[in-house]
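Let me begin by presenting the structure, written as structure tokens, before commenting on it.
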Amino acid sequence: MKTALVAAVLFLAVRATAGEIVVQKMQGAVSVRHGVTETWTKVAPGDVLRPDDTMKTGKKGSAVIVVPSSTAGASRTVVLPGEVIVDMSDIRDLTQEELMLKLTMEKVRASSYQWKSDDLRIPSAAVVHGADKSSNLNLSESDPATGVLELNGAHVLFENGFFATCALKAMEVFRLYPPLGKEFRDRMMVAEALEKANLRGEAVNEYGAIATLDGITSEQQALVHTRIEGLRK
């Protein structure tokens with residue numbers, strides 16, 4: 001039994017080195033969405049995923065996937081804990097040029113989204129009630145709870161060293177679900193990701209924006225200013 005298990009793991013690793021993303025193991029509720037479809041299907045060990053696929057884990061679900069490495073002939077594993085949504089296209093490193101281009105595009109989208117949001121604030125517009133809701137969420141086709149799972153996925157990207165895609169994904173979530181952009185921990189993740197991606201100027205700007213968040217404590221303010229000063233040296 002043990003020999004068979006080792007053989008299976010080695011087989012999955014070999015497939016990943018060929019450029020495929022492979023589900024090594026999983027437990028609980030784990031599903032995948034292919035491309036732009038809205039249908040989620042169950043995942044099984046050995047399934048091959050494409051870059052345009054998205055994985056979702058339930059509250060008690062988890063998965064381990066084997067992904068190709070930038071080093072030839074190598075692969076690495078990424079663990080997805082419970083309650084996350086991760087795009088397979090985000091499990092990769094970006095060049096500085098790719099990151100700057102995508103960051104610029106995200107800023108343009110954010111500006112356009114805000115304009116559309118303001119334009120829709122008319123009496124006949126539907127309103128989402130509740131302390132943690134925002135009328136801006138009406139512009140999204142997804143349940144706001146999806147934003148929480150995607151933001152959890154951004155933390156997985158950060159923990160695995162995919163800092164560029166982590167920052168981009170989190171910014172996208174903040175654009176689509178504005179209330180989620182008010183949490184100190186999540187905003188700090190973005191600033192730190194930009195810093196680790198060697199975008200010092202962008203990191204300083206993000207830290208500066210964090211300093212203006214409502215409800216930020218004096219200790220948090222001090223931490224933010226320390227980070228800013230460290231980047232300016």
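Determine whether residue 145 is among the aliphatic types (A, V, I, L, M), at pLDDT 90 or above, under 17 Å from residue 174 (Cβ atoms) and in the same structural domain as residue 195 (by TED's automatic domain parsing). Yes: the conditions hold for residue 145. Within segment 187-213, being in a loop (DSSP other than H, G, I, E, B) and either touching a Ser or Thr at 6+ places or on another chain (Cβ under 8 Å) or buried (at least 20 other Cβ atoms within 10 Å of the Cβ) (or both) holds for 197, 199.
All conditions in (1) modelled with pLDDT under 95; (2) within 20 Å of the chain's Cα centre (by Cα) hold for residue 189, with the sole exception of (1). Picking from residues in segment 71-90 that are part of a loop (DSSP other than H, G, I, E, B) and within 17 Å of the chain's Cα centre (by Cα), the one that is surrounded by the fewest Cβ atoms within 10 Å (Cβ to Cβ) is 81. Quick check on segment 208-221. Is at least one of its residues charged (D, E, K, R) and farther than 17 Å from residue 157 by Cβ? Yes, because at least one residue in segment 208-221 is charged (D, E, K, R) and farther than 17 Å from residue 157 by Cβ. The residue pairs whose first member lies in segment 28-40 and is of a type in the set (D, E, K, R) and surrounded by 13 or more Cβ atoms within 10 Å (Cβ to Cβ), whose second member is at pLDDT 95 or above and not in a strand (DSSP E or B), and whose beta carbons are closer than 8 Å, counting only pairs six or more residues apart or on different chains, do not exist in this structure.
Yes/no per residue for (1) modelled with pLDDT of 90 or more; (2) within 17 Å of the chain's Cα centre (by Cα); (3) among the hydrophobic types (A, V, I, L, M, F, W, C):
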{"position": "48", "(1), (2), (3)": "yes, no, yes"}
{"position": "57", "(1), (2), (3)": "yes, yes, no"}
{"position": "69", "(1), (2), (3)": "no, no, no"}
{"position": "92", "(1), (2), (3)": "yes, yes, no"}
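For residue 176, are the conditions met, namely being modelled with pLDDT under 95 and either under 26 Å from residue 77 (Cα atoms) or buried (at least 19 other Cβ atoms within 10 Å of the Cβ) (or both)? So residue 176 passes the test. Among the residues of segment 166-209, the ones that are closer than 17 Å to residue 99 by Cβ, of a type in the set (D, E, K, R) and either out of contact with any helix residue (DSSP H, G or I) (no Cβ under 7 Å at 6 or more places or on another chain) or free of Cβ contacts under 8 Å to residues at least 12 places away in the same chain (or both) come to 1 in all.
The values are calculated or read from the model by the stated rules, or taken from the named source; none is laboratory data. What you see is a predicted model; the values in this text were computed from it and never measured. As a convention, Cβ positions derive from the backbone with ideal geometry for all residues, glycine included, and neighbour counts pool all protein chains shown.
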